[in-house]
Amino acid sequence: MDRLTIRTPDDFHVHLRVGAMLTAVAHFTANQFGRAIIMPNLVPPVVTTAHAVAYRARIAAALPTSSSFVPLMTAYLTEDSDPDDVAAGHAEGVLTACKLYPAGATTNSAHGVRDLSRVFGVLAKMERIGMPLLIHGEVTDPEVDIFDREAVFIERVLSKIIAAFPSLKVVMEHITTSDGVAFVESAGANVGATITPHHLEFNRNAMFRGGFRPHFYCLPVAKRESHRLAIRRAATSGAPKFFLGTDSAPHRIGDKESACGCAGIFNAPFALESYAKTFEEENALASLDAFASVNGATFYGLPLNEGTITLERSGSEVPATYGEGADSVVPFHAGETLDWKLLTAPTNFRV
Ligand code: NCD
Ligand code: ZN
């Protein structure tokens, strides 16, 4: 097979940032996807409906007016989040979901939640109105080994949220472990997970190959090979609980190559080509459409996109960097040639 046409896909987890970075990166996501769930971890974070309206306008301003890309906005949960504001934002079609960051778990999460009981009012409301909760599933307890933080989160926190709110739609974002796969598979149909292209592609050794490689560092951190194989099986299975979320998270080169480097991998320019590589290696190209274009929208209760995109086996050369000097960003697969190439920009169903 030299060409692969699938329904226009969506990205259910992306960081578009603000300012010059937003202008530099938004078109990559808009070129690959019909819609994307936009992460709210700005400084300061997107907490209220009003913040999300303003951020959505900034995203639209960073794209050509002809773009049919639809940003799906999220609100960052804090211990002061107002259940009525969140519900009103959802009812108005501004807020698609809320994001739960345990305080200190990752980039710009200082305003996140320390005491889960403080957000129970919002979670109860979200359960009632069918609004999805997106979770960064890692404990922040420094006593817990960084490679165990996802598994410990499932045991200590996630299982409690699901027990307390059994009908709440929950997406465990960017799962990286066999524990994450097993938990999602054993939970009800209201629990799903996103999987990134980079966690499918490399294990934790990539960070240490011949020296320390900061461009392979993200959170949750990549785990050992057995975990990578588990998420590859889940993603390529076609099972409806698992869907595409790139977690593309650009940082300026100096913020990555630093004594205290930022977590995040910028994969937006060749995200679909990267996923296609994994699916082909697993002999599962036939399941790419379900993973990329059907499962996430169905889970969220969104209409499927109406257009298609086509990938051709003609090769994509990934640049070593984008941008100039201190403002440059190193992409995932920098300097490599990927087998697949996205041919058509997506067209999208507009809600
Ligand atoms: C993300 C970022 O940089 O905003 N970083 C990352 O490593 N994935 C935050 C996140 O999603 O954890
Ligand atoms: Zn993220």
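The values are calculated or read from the model by the stated rules, or taken from the named source; none is laboratory data. Just so we're clear, the structure is a prediction, and the values are computed from it rather than from any experiment. Ideal geometry is used to build each Cβ from the backbone, glycine not excepted, and the neighbour counts take in all protein chains shown. Protein only, heavy atoms only, side chains kept; ligands, DNA and RNA dropped before computing areas. Shrake-Rupley method; radii C 1.70, N 1.55, O 1.52, S 1.80 Å.
If I ask for residues that are in a loop (DSSP other than H, G, I, E, B), farther than 17 Å from Ile135 by Cβ and within 16 Å of ligand 2 (Cβ to nearest atom), which ones from the stretch 40-74 would you list?
Passing the criteria: Leu42, Val43.
Please specify each residue of the stretch 1-32 satisfying the condition of being away from ligand 2 (no atom under 15 Å from the Cβ) and under 13 Å from the mean Cα position of the chain (by Cα).
Scanning the stretch 1-32 gives a single hit, Asp10.
Only one residue in Glu143, Glu155, Glu127, Glu92 is open to solvent by 20 Å² or more (accessible area, probe 1.4 Å), touching a strand residue (DSSP E or B) at 6+ places or on another chain (Cβ under 9 Å) and more than 16 Å from ligand 2 (Cβ to nearest atom), so which one is that?
After ruling out the rest, the residue left standing is Glu127.
Read through the list (1) farther than 15 Å from Leu77 by Cβ; (2) of a type in the set (Asp, Glu); (3) open to solvent by less than 20 Å² (accessible area, probe 1.4 Å), then give the number of the only condition that Glu173 fails.
Going through the list (1) farther than 15 Å from Leu77 by Cβ; (2) of a type in the set (Asp, Glu); (3) open to solvent by less than 20 Å² (accessible area, probe 1.4 Å), Glu173 breaks only (1).
Here is a check on your reading of the model: is Phe208 of a type in the set (Phe, Trp, Tyr) and closer than 26 Å to Val181 by Cα?
Here the answer is yes, as Phe208 does meet what is asked.
Could you please let me know if Val70 is within 16 Å of ligand 1 (Cβ to nearest atom) and open to solvent by 10 Å² or more (accessible area, probe 1.4 Å)?
So Val70 does not fit the description; no.
Mind telling me which of the residues Ala87, Ala30, Ala57 ends up being free of Cβ contacts under 8 Å to residues at least 12 places away in the same chain, of a type in the set (Gly, Ala, Ser), away from ligand 1 (no atom under 16 Å from the Cβ) and open to solvent by 10 Å² or more (accessible area, probe 1.4 Å)?
Among Ala87, Ala30, Ala57, only Ala57 is free of Cβ contacts under 8 Å to residues at least 12 places away in the same chain, of a type in the set (Gly, Ala, Ser), away from ligand 1 (no atom under 16 Å from the Cβ) and open to solvent by 10 Å² or more (accessible area, probe 1.4 Å).
Checking Leu77 against (1) under 20 Å from the mean Cα position of the chain (by Cα); (2) more than 16 Å from ligand 2 (Cβ to nearest atom); (3) farther than 30 Å from Lys341 by Cα, which single condition isn't satisfied?
Leu77 satisfies every listed condition except (2).
Considering each residue of the stretch 316-336, count those that are touching a residue at least 24 places away in the same chain (Cβ under 8 Å), part of a strand (DSSP E or B) and of a type in the set (D, E, K, R), and give that number.
Total meeting the criteria: 0.
Residues being surrounded by fewer than 18 Cβ atoms within 10 Å (Cβ to Cβ), within 15 Å of ligand 1 (Cβ to nearest atom) and part of a helix (DSSP H, G or I): count how many of those fall in the stretch 1-23.
Count: 1.
Select, from Ala103, Ala164, the only residue that is more than 16 Å from ligand 1 (Cβ to nearest atom) and in contact (Cβ under 8 Å) with a residue 12 or more places away in the chain.
It is Ala164.
Yes or no, residue by residue, for (1) touching a residue at least 12 places away in the same chain (Cβ under 8 Å); (2) open to solvent by less than 20 Å² (accessible area, probe 1.4 Å); (3) more than 16 Å from ligand 1 (Cβ to nearest atom); (4) not in a loop (DSSP other than H, G, I, E, B):
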{"site": "Gly254", "(1), (2), (3), (4)": "yes, no, no, yes"}
{"site": "Cys260", "(1), (2), (3), (4)": "no, no, no, no"}
{"site": "Ala276", "(1), (2), (3), (4)": "yes, yes, yes, yes"}
{"site": "Ser287", "(1), (2), (3), (4)": "yes, no, yes, yes"}
{"site": "Gly296", "(1), (2), (3), (4)": "yes, yes, yes, yes"}
{"site": "Leu302", "(1), (2), (3), (4)": "yes, no, yes, no"}
{"site": "Glu306", "(1), (2), (3), (4)": "yes, no, yes, no"}
{"site": "Ile309", "(1), (2), (3), (4)": "yes, yes, yes, yes"}
{"site": "Ser314", "(1), (2), (3), (4)": "yes, no, yes, no"}
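Considering each of Phe216, Phe242, Phe208 in turn, give the residue that is closer than 20 Å to Ala259 by Cα and either in contact with a Gly (Cβ under 8 Å, 6 or more places away or on another chain) or more than 16 Å from ligand 1 (Cβ to nearest atom) (or both).
Testing whether each residue is closer than 20 Å to Ala259 by Cα and either in contact with a Gly (Cβ under 8 Å, 6 or more places away or on another chain) or more than 16 Å from ligand 1 (Cβ to nearest atom) (or both) leaves just Phe208.
Spot the failing condition for Ile37; the list is (1) open to solvent by 10 Å² or more (accessible area, probe 1.4 Å); (2) within 16 Å of ligand 2 (Cβ to nearest atom); (3) at pLDDT 95 or above, and only one is missed.
(1)
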